[in-house]
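Derivation of every value follows stated rules applied to the coordinates shown; laboratory data play no part. All values reported here derive from a predicted model rather than from experimental measurement. Positions of Cβ are generated from backbone atoms using ideal geometry, with glycine treated the same way; all protein chains shown enter the neighbour counts.
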Amino acid sequence: MGQRIIGLTGGIATGKSTVAEYLAAQYHLPILDADLYARQAVAPGSPILGAIAARHGPAILLTDGTLNRARLGQIVFSDAAEKAWLEQQIHPFVRQCFATAMAQLSGATTVVQAIPLLFEADLTDQVTEIWVVTCTPETQLQRLIARNQLTPTAAARRIANQWPLAEKVDRANVVLDNETTRPRLYQQIDAALRATV
């Protein structure tokens, strides 16, 4: 049997991090985090951050030279062309990070790749099964507003920038319903990990 590579995804604020943390703590599985790689892509001094600053001007940087994420978010979540340009810079870097990390984990029987934009970034080819964390649209919106201190309009715009959750669920091997309690979510994770897809 080949290496089991779980592509963990879902919508923004549906609970992907909760699932990843449980898999790491309870099962000691290696977690490769696309968000972490995306942050590395725009680290101070990186070519990608330089390209972003050249495109959007020095106001896109904070005084310490780091990326002004709030400002960039305002730009890309209201302009599809700018979002597409940014993704063209970051997605190849993230894919390469995954390839490098996977080469170092060739002996691991199960690896989790936590990728919020698994479908949007066309990264499904690098996993052997897809787990989608879901909840109701109302719960998702409330969680995102609370977590990121966003207005309802701004939160809804961010959700709309991702594939609809229903489409992700349709393409999933495993669907984890994170609408109720943590213990209930953990039970689903345990069952999914025991199953073979």
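For the chain, the spread of Cα coordinates along the three principal axes comes to 50, 40, 27 Å, biggest extent given first. Ranked by the mean number of other Cβ atoms within 10 Å per residue, highest first, peptides 98-105, 184-191, 114-121 order as 114-121, 184-191, 98-105. Look at the alpha carbon pairs under 8 Å that are at least 6 residues apart: their mean separation over the length of the stretch 7-80 gives a relative contact order of 15 percent.
Using Cα pairs closer than 8 Å and at least 6 residues apart in sequence, work out the relative contact order for the chain, in percent. Mind dumping the intermediate values first?
Values: 250 pairs, mean separation 71.1, N = 197.
Computed over the chain, the figure is 36 percent.
If I take R0 = 25 Å and measure r between the Cβ atoms of A146 and S78 in this structure, what FRET efficiency does the formula 1/(1 + (r/R0)^6) give, to the nearest 0.05?
0.70
If you bin all the Cα-Cα distances of the stretch 38-104 at 10 Å, starting from zero, the percentages per bin are 20, 52, 22, 6. The stretch 1-64 and the stretch 109-158 have Cα centres spaced 12 Å apart.
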